[in-house]
Amino acid sequence: MSPAFPVPVRPVIQQPPMVEEVLDDAERETLKARIKTLMKQQDAVLVAHYYTSADLQDLAEETGGCVSDSLEMARFGHAHPAKTLIVAGVKFMGETAKILNPEKRVIMPDLGAECSLDLACPADEFTAFCDAHPDRVSVVYANTSAAVKARADWVVTSGIAAKIVKYLHQQGHKLLWAPDRHLGDYVQRITGADMLLWQGSCVVHEAFKAEALKKLRTEHPDAAVLVHPESPEAVIALADVVGSTTQLIEAVRTLPNPEFIVATDNGIFHKMHAAAPGKILLEAPTAGEGATCTSCAHCPWMAMNGLRKLVAVLENGGNEIHIEESIRARARLSIQKMLDFAAAEKAGHIQLGD
Ligand code: 13P
Ligand code: SF4
């Protein structure tokens, strides 16, 4: 099927240099103590993604916050009574928190923490795409700006994308999907839905290499292969489990395999080791230096988060997320549909069948 609207060719996304915070034990403890004091004073809770540093993940758990995937980050921040939400992750996660909690102050360690998927889908181009296909229901991945969410009918995260698409397909809808072509392609394959796909991709997951993964799997015959669905089709085809970050951690905890080959950002290893101590975790190959990989299994935008920046924000203010109210209110509707669907599905009110 050839789209009537020219779907943009895959844009080249400029990545920032990988700069990770390096702390010695003394500085780490000093910063954490200061942050804890400031968080209490400002009635703040820390919500961190699995791809952020071990220091931020530990701090979130030590202070009653959460470390999770993007769906649970949204749910947790929304349900928590704190007046300030600190979102350690990338900008769309901070924006989602603000969209759901306009009355709260939402801050981030670094507002420059973008996402290649979000950058690949400018709101004006997405709007033109939707306008060219008024017969299609638009479904966007959470990794998009507030303005794109405002134009979309539904927002989904990787943890719930297949279920929502299957549901819409069963209702007889044709779909328009943005921005991740690999996730869209995967969801289309497993649901059979009629979907027009935007051509964005994640710089981290796109770098995983199927041939090298096959070789590694041969060298580790007892290992299960775990793949995030932002990865290319040939990599997904080798997976024992395909899922969101939370679903992959759950696989490490519950599967009997002694070893796992993991095709997602290596920041997740911190939680995987905690969930299944003693199990061996191997990074899926990205072909390494000298090849096409520039991020090498770690998101350069996630790496922008750190304890030093968090102290600076709490001490000096700034880095607050603001969203124009008309955009926020419309984006809220498409996110709320996802949260309502997730709750109804969990309660057994939605039967998807085969
Ligand atoms: P999850 O929703 O699985 O946490 O994924 C978010 C993300 O940005 C993955 O690259
Ligand atoms: Fe975006 Fe990929 Fe980074 Fe996730 S890992 S935030 S999808 S660039």
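The values are calculated or read from the model by the stated rules, or taken from the named source; none is laboratory data. It should be emphasised that the depicted structure is a prediction, and the values quoted were computed from it without experimental measurement. Cβ coordinates were reconstructed from backbone atoms using ideal geometry, including for glycine residues, and neighbour counts include every protein chain displayed. Protein only, heavy atoms only, side chains kept; ligands, DNA and RNA dropped before computing areas. Shrake-Rupley method; radii C 1.70, N 1.55, O 1.52, S 1.80 Å.
For a straight C-alpha distance cut-off of 21 angstrom, the lysines reachable from LYS271 (same-chain residues fewer than eight places away being disregarded) are LYS32, LYS279.
Compactness of the range 19-113 was expressed as the Cα radius of gyration divided by 2.2 N^0.38 Å, which yields 1.02.
Segment ILE13..ALA312, full-extension length gain: 104.8 nm, with 0.36 nm per residue of separation and the alpha-carbon distance subtracted.
Between ASP340 and ASP240, the FRET efficiency estimated from the beta carbon spacing at R0 = 30 angstrom works out to 0.40. Within the range 175-228, the proportion of Cα pairs with more than 19 Å between them is 44 percent. Against the empirical curve 2.2 N^0.38 Å, the C-alpha radius of gyration of the range 200-354 lands at a ratio of 1.28.
For the chain, the membrane-span-like helix rule (DSSP H, alpha carbon extent of at least 30 Å along the helix axis, mean Kyte-Doolittle at least -1.0) picks out 325-346; this says nothing about an actual membrane.
Taking the accessible area of the chain, probe 1.4 Å, and keeping the other protein chains in place, the carbon and sulfur fraction comes to 53%. With N counted as the residues of the range 203-284, its alpha-carbon radius of gyration over 2.2 N^0.38 Å works out to 0.96. Net charge of the neighbourhood of GLN188, taken over other residues with C-beta under 15 Å away and scored Lys/Arg +1, Asp/Glu -1, is +1. Once the convex hull of all Cα atoms in the range 126-203 is built, its volume per residue stands at 80 Å³. Take the range 205-298 with all the other protein chains still there, run a 1.4 Å probe, and you get 43 Å² of accessible area per residue.
Which entries of LYS40/LYS104; LYS166/LYS337; LYS98/LYS309; LYS149/LYS309 have Cα-Cα distances beyond 18 Å here?
Violating the 18 Å limit, Cα to Cα: LYS98/LYS309; LYS149/LYS309.
If you look at the Cα atoms of the chain, you get an Rg and a Dmax of 19.8, 60 Å. The stretch between HIS298 and GLU61 holds 83.1 nm of extra length on full extension. This uses 0.36 nm per residue minus the Cα-Cα distance.
Placing dummy labels 7 Å off each Cα toward the beta-carbon, the span from ASP222 to LYS174 is 5.2 nm.
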